[in-house]
Amino acid sequence: MEAHTNQMKKKYLSLIFGSLLLSSVFAQNNNQKAGEAERIISLSFNKEKGPLNTSFKECVGAGRANEGLRADWQQQLAIAKKECGFKFIRMHGLLTDDMVAARSKARGLSEADYMSGNLLKREVTAEDVAGAFTYLADATKTTAAVITVDGGNIEASLR
């Protein structure tokens with residue numbers, strides 16, 4: 001049974017990643033139709049058209065979360081915050097090994113206690129998430145179902 005489940009996980013994950021890769025490759029050239037002229041975009045710094053888009057004041061991207069632990073990065077962030085005035089930072093890699101070590105140490109917890117700090121007192125692993133995905137992918141009589149795989153972490157619940 002476990003071998004079948006692992007085989008199904010690999011099958012579905014390969015399908016998802018392959019689809020994402022192909023869609024990004026084909027999406028780049030799908031707007032130009034046969035016989036149409038090539039689209040040319042020109043830029044002039046001397047002309048102003050419309051109001052300034054200030055979406056950068058809401059949220060900026062910052063790369064990997066562990067970069068935020070470095071003093072030089074924090075100094076650059078402070079300058080960017082002062083000049084741009086953004087409200088939020090978007091980053092990835094929050095639960096990588098180096099971040100888990102830093103966050104658990106800052107809270108005075110062992111890494112195991114930090115990772116299992118939820119209602120079930122169990123660490124949620126990639127296999128747990130893959131298992132829920134596989135279950136939903138195999139379900140033949142459900143649509144738009146959501147399964148929260150968070151160990152009972154209230155902060156991770158849907159809003």
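A Cβ-based charge dipole, computed about the Cα centre of segment 51-159 with Lys and Arg at +1 and Asp and Glu at -1, lands at about 500 debye.
Between Lys81 and Thr125, full extension at 0.36 nm per residue minus the direct alpha carbon distance yields a gain of 12.4 nm.
A convex hull fitted to the Cα coordinates of segment 55-94 yields 53 cubic angstrom per residue.
Here, each number is a calculation from the coordinates, and none is a lab measurement. Computed from a prediction, not measured in an experiment: that's the story for all the values here. Backbone-built Cβ (ideal geometry, glycine too); neighbour counts: all protein chains shown.
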